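In what follows, a structure is listed as structure tokens, so that the remarks can point back to it.
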């Protein structure tokens, strides 16, 4: 994809994260998922909460949503990180 974009052959904007109409998770969900994974919760248990598969959770851990790097410890921190993610997303779109 990067090569395609660099050579001017990309058909449209990069739809990462919530901008992708096929996304099943939000940035806030990803932050919470990573926090739960950090505490040792099993991917299959987390998947049931979010209505996705354990494979989706594993993908969030290792491959997808790489533009969101946060892991937090409490609900207050999740809200704070989510606000920062939204702020960065809007700044990214304006350029």
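The values are calculated or read from the model by the stated rules, or taken from the named source; none is laboratory data. Here the structure is a predicted model, which means the values were calculated and not measured. For neighbour counting, all protein chains shown are included, and Cβ atoms are generated from backbone atoms with ideal geometry for every residue, glycine included.
Any chance you could count how many residues in the stretch 12-46 are farther than 19 Å from residue 68 by Cα and at pLDDT below 70?
Result for the stretch 12-46: 1.
Name the pairs: first residue in the stretch 55-67 and at negative phi and touching a residue at least 24 places away in the same chain (Cβ under 8 Å), second residue in a loop (DSSP other than H, G, I, E, B) and surrounded by 14 or more Cβ atoms within 10 Å (Cβ to Cβ), Cβ to Cβ under 6 Å, at least 6 apart or on different chains?
Correct list of pairs: 67/16.
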